[in-house]
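Asks: Quick one: the structure is below, and I'll ask about it shortly.
The values are calculated or read from the model by the stated rules, or taken from the named source; none is laboratory data. The shown structure was predicted, so the numbers you read here are calculated from the model rather than taken from an experiment. Ideal geometry is used to build each Cβ from the backbone, glycine not excepted, and the neighbour counts take in all protein chains shown.
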Amino acid sequence: MKKTLILTSIIVLAALKTPLCASPTLTVRADQAGVKIAPTFVGLFIEDINFNGDGGLYAEKIKNRSFEFPNALMGWTVLNGNRGDAAVIQKPDYNESNPYCLRLRAEEAGLGVSNEGFRGIGIREGENYYCSVFAKTAAPAMSFRVEVVAPDGCKLLEGTFDNIAGDWKNYHILMTATGTEPKARFNLYVTTPGTVDLDMISLFPADTARMTDRPIPGLRKDLVERMAAIKPGFLRFPGGCIVEGMTLANRYQWKNTVGDIADRDTIICRWNLEFKHRLTPDYFQSFGLGFFEYFLLAEQIGAEPMPIINCGMACQFNTGETADVTNLQPYVQDALDLIEFANGPADSRWGRLRAEMGHPEPFNLKFLGIGNEQWGPQYVERYKIFEKALKGKYPDVKLIAATGSDPEIFPNGAAEVKYLWEQWRVLKPDIVDEHFYRRCEWFFENTNYYDSYDPDGPELFIGEYAAMTHGVASPENRNKLITALAEAAFLTGMEKNAAVVTMSAYAPMAGHVDAWQWKPNLFWFDNLTSYATPNYYVQQLFSLHKGERVLPARLDGAKGRLYTCASRSGDEIILKVVNAEPAEADIAIALDGVERLQSPVRVITLAGDPDDENSIQNPTKIAPVETTMKIGSAPRLRCTFKPYSLTVLRFSAR
Ligand code: AHR
């Protein structure tokens, strides 16, 4: 956040001598602290879409490192193929989850393979990188040379593996980069003739994410820091449609994502084929970011873990395949075992695995989603079975029930959502999840959406939402400031209704600039860096400045797109004002029940032109600017808010 400590003209604050009638009036009952705002009010949702997992958060730089893609050499090319041959073979010592390896039969030195990475390999000068391989050879002893090369031929990393001999062993070297490049390639050359089998050829930055003194194995540091800077209250994972799969065979199965990395099954990512306009044939899931890494990540960034599990239903936008209700036990067992993996004692079956992986303490899982965007009686039928089994064993874990997808985008959506709500009113799940992918106008027009929800009903989780410039999943969508302001306006309505809305998350979280399938996204990254969108900053401002309790606030006399909410945090009164109009907004503010205000006020403003966007080249064109401003002690003020802005005011009050 850009910070200045000078008096600012962005917003004019003055003690009011005139009555509060010329401008819209915001009256806040600062002495009437209302409902608590849940610490989980703003969270994050990670799904392996847009290369968020492999090629993104998971810092591995080699694509198809264990040669398990169906097109076995996808991502690889053979170098100097006339000096021998290179082929993917089934391992003679067959291993079910990692059955293939690369056999290099070098008649002379120089035979090799080259990997293209995930739309290139990002290397940063001065940083250290581990290269590791599993190798097996019958030759007396062999050696290789590895290098990472920029498109102009400049070598950025170089190293050798010597004395490769005997049965499968893991070898690794550390190299220091001599240059910076987002789109390099990795080459491996055999430097002695002979035959060698290679597997899990891997290149990793030595400096991976570590928010505490316990590293999170293998996660990209800058992206984890980007997530942590929102201070998310929870982390939903792994999806999204990823949970469901196009078919049940392709669903997310958490047990395949834990234990030794080399033994985790690689599967096709369902987003590989989803959009004809953005086919991504090289999108697979190696599960290097699996459930153990996820729980660690949530713990380290201070977010409550919120796994979503498959409930025996594949994606209803695809096959909608369902497991027969009489055959649901393996799915239910997976859910029970996941809770045991997270919370069970270190001597329980799944708790032991967690302990063996390095975390004997429980992860303290409190939330579990039953299915993603499920609908129809077949969902309710399955939900009941899950609920009975899960609540029977783990009554304190809060269960999340779905209401399908955005009712505007699935067949008969409005009626389906109505039907599900009728069921949920009777069944009373702890939390109900709603999704909205709508145009900006809808968000501006529906800031009172939750006013009519029953505070005694289930808690509300707005599990996926984003304002669109074009349409759902349209490749034309842009992360313009106006979309962020639409979400900010909607968030004022959610915060006012914190009695019912206890959680919310923008979706999707992030996208690789060269490998996305879905737009818009909260932040964007390439192989070296990332940038936040205006939408990210809205989430961040609402998270960092949510306050502890809602304050009653009434905006009178406002014309146009002007939205506010108020909260209290200790002695501080927090106001958030969204002005989505092209003109400044002059608002008279009365903080009733406050004797005196203390100077200065913290003022944080996100403002610009409605079409403004950030980019890799201009990452902070739109970014919050923090200023402080001196004020008098009277609790009645007049403030001017910039056109197209979200402003947070933090008053110290008595
Ligand atoms: O966020 C992208 C997708 O949108 C999610 O996977 C799905 O739940 C929703 O339809």
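Asks: Can you confirm whether the stretch 510-517 contains a residue that is among the charged types (D, E, K, R), within 30 Å of Lys61 (Cβ to Cβ) and surrounded by 21 or more Cβ atoms within 10 Å (Cβ to Cβ)?
Replies: Of the stretch 510-517, the ones among the charged types (D, E, K, R) are 514.
Within this subset, residues satisfying the condition of being within 30 Å of Lys61 (Cβ to Cβ) are 514.
Checking the rest, the ones that are also surrounded by 21 or more Cβ atoms within 10 Å (Cβ to Cβ) come to none.
Checking the stretch 510-517: not a single residue is among the charged types (D, E, K, R), within 30 Å of Lys61 (Cβ to Cβ) and surrounded by 21 or more Cβ atoms within 10 Å (Cβ to Cβ).
Asks: Next up: Scan the stretch 358-399 residue by residue and report those that are of a type in the set (Ser, Thr, Tyr) and either free of Cβ contacts under 8 Å to residues at least 60 places away in the same chain or within 16 Å of the ligand (Cβ to nearest atom) (or both). Spell out how you get there, then give the answer.
Replies: The initial filter retains those residues of the stretch 358-399 that are of a type in the set (Ser, Thr, Tyr), namely 379, 383, 394.
Selection gives Tyr379, Tyr394.
Asks: To continue, here is another question. List pairs: first in the stretch 405-416 and within 16 Å of Gly240 (Cα to Cα) and touching a residue at least 24 places away in the same chain (Cβ under 8 Å), second more than 9 Å from the ligand (Cβ to nearest atom) and of a type in the set (Gly, Ala, Ser), Cβ under 8 Å, 6+ apart or cross-chain?
Replies: As it stands, the answer is Ser405/Gly413; Asp406/Gly413; Phe410/Gly404, since those pairs meet every condition given.
Asks: Is it true that Ser633 is touching a Ser or Thr at 6+ places or on another chain (Cβ under 9 Å) and of a type in the set (Ser, Thr, Tyr)? Please lay out each step first, then the result.
Replies: Working: touching a Ser or Thr at 6+ places or on another chain (Cβ under 9 Å): yes; of a type in the set (Ser, Thr, Tyr): yes.
For Ser633, the condition - touching a Ser or Thr at 6+ places or on another chain (Cβ under 9 Å) and of a type in the set (Ser, Thr, Tyr) - is met.
Asks: When you go through Thr195, Thr247 one by one, which is the residue that is of a type in the set (Ser, Thr, Tyr) and either crowded, with 22+ Cβ neighbours inside 10 Å or more than 16 Å from the ligand (Cβ to nearest atom) (or both)? Don't jump to the end; show me each part of the working.
Replies: Numbers: Thr247 fails: either crowded, with 22+ Cβ neighbours inside 10 Å or more than 16 Å from the ligand (Cβ to nearest atom) (or both).
Exactly one residue qualifies, and that residue is Thr195.
Asks: Hey, another quick one. Just for the stretch 404-447: of the residues that are part of a strand (DSSP E or B), within 12 Å of the ligand (Cβ to nearest atom) and among the charged types (D, E, K, R), which one is farthest from Ala467 (Cα to Cα)? Working first, answer last.
Replies: Step one: filter the stretch 404-447 for residues part of a strand (DSSP E or B), giving 431-439.
So of that shortlist, the ones also within 12 Å of the ligand (Cβ to nearest atom) come out as 433-437.
From the residues that got through so far, the ones that are among the charged types (D, E, K, R) too are 433-434.
Numbers: Asp433: 18, Glu434: 15 Å.
Among residues in the stretch 404-447 that are part of a strand (DSSP E or B), within 12 Å of the ligand (Cβ to nearest atom) and among the charged types (D, E, K, R), the one farthest from Ala467 (Cα to Cα) is Asp433.
Asks: Another question, then. When you scan the stretch 302-310, do you find a residue that is more than 15 Å from the ligand (Cβ to nearest atom), closer than 27 Å to Asn364 by Cβ and surrounded by fewer than 17 Cβ atoms within 10 Å (Cβ to Cβ), even just one? Write out each step before concluding.
Replies: Initially, the stretch 302-310 is screened for residues more than 15 Å from the ligand (Cβ to nearest atom), giving 302-305.
Then drop every residue that is not closer than 27 Å to Asn364 by Cβ, which leaves 302-305.
Filter again for surrounded by fewer than 17 Cβ atoms within 10 Å (Cβ to Cβ), leaving 302.
Checking the stretch 302-310: at least one residue is more than 15 Å from the ligand (Cβ to nearest atom), closer than 27 Å to Asn364 by Cβ and surrounded by fewer than 17 Cβ atoms within 10 Å (Cβ to Cβ).
Asks: Right, here's the next one. Within the stretch 395-402, is even one residue within 21 Å of Met503 (Cβ to Cβ), in contact with a Pro (Cβ under 9 Å, 6 or more places away or on another chain) and among the small types (Gly, Ala, Ser)? Full working, then the answer.
Replies: Of all residues in the stretch 395-402, those within 21 Å of Met503 (Cβ to Cβ) come to 395-402.
Pick out the ones that are also in contact with a Pro (Cβ under 9 Å, 6 or more places away or on another chain) and you get 398-401.
Add one more test, that the residue is among the small types (Gly, Ala, Ser), and what stays is 401.
Yes, the conditions are met somewhere in the stretch 395-402.
Asks: Evaluate the stretch 374-386: report whether one residue or more is in contact with a strand residue (DSSP E or B) (Cβ under 8 Å, 6 or more places away or on another chain) and polar (S, T, N, Q). Can you show your working first?
Replies: Taking the stretch 374-386 and keeping what is in contact with a strand residue (DSSP E or B) (Cβ under 8 Å, 6 or more places away or on another chain), we get 374-375, 378-379, 382-383, 386.
With polar (S, T, N, Q) added as a condition, the list becomes 374, 378.
Looking for residues that are in contact with a strand residue (DSSP E or B) (Cβ under 8 Å, 6 or more places away or on another chain) and polar (S, T, N, Q), one finds at least one in the stretch 374-386, hence yes.
Asks: Just to be sure I understand, how many residues within the stretch 579-593 are part of a strand (DSSP E or B) and touching a helix residue (DSSP H, G or I) at 6+ places or on another chain (Cβ under 9 Å)?
Replies: Here the count works out to 1.
Asks: Related question: So if I check each of Gly218, Gly239, which one is under 18 Å from the mean Cα position of the chain (by Cα), under 30 Å from Gln374 (Cα atoms) and either within 16 Å of the ligand (Cβ to nearest atom) or modelled with pLDDT under 95 (or both)? If you could, list the steps in order and put the result at the bottom.
Replies: Values: Gly218 fails: under 30 Å from Gln374 (Cα atoms).
Just one listed residue meets the conditions, Gly239.
Asks: Within the stretch 450-504, how many residues turn out to be assigned to a helix (DSSP H, G or I) and either surrounded by fewer than 19 Cβ atoms within 10 Å (Cβ to Cβ) or hydrophobic (A, V, I, L, M, F, W, C) (or both)?
Replies: Going through the stretch 450-504, the residues assigned to a helix (DSSP H, G or I) turn out to be 450-452, 481-496.
Now narrow it down to the ones that are either surrounded by fewer than 19 Cβ atoms within 10 Å (Cβ to Cβ) or hydrophobic (A, V, I, L, M, F, W, C) (or both): 451-452, 481-482, 484-486, 488-491, 493-494.
Residues meeting the conditions: 13.
Asks: Still on this structure: Among the listed residues Lys576, Lys559, which satisfies the condition of being in a loop (DSSP other than H, G, I, E, B) and either at positive phi or in contact (Cβ under 8 Å) with a residue 40 or more places away in the chain (or both)? Walk me through how you get there before you give the answer.
Replies: On the way: Lys576 fails: in a loop (DSSP other than H, G, I, E, B).
Of the residues listed, the single one that is in a loop (DSSP other than H, G, I, E, B) and either at positive phi or in contact (Cβ under 8 Å) with a residue 40 or more places away in the chain (or both) is Lys559.
Asks: Here is a further query. Starting from residues that are buried (at least 22 other Cβ atoms within 10 Å of the Cβ) and among the aliphatic types (A, V, I, L, M), keep the ones in the stretch 36-61 and report whichever is farthest from the ligand (Cβ to nearest atom).
Replies: Only one residue tops the list, namely Ile37.
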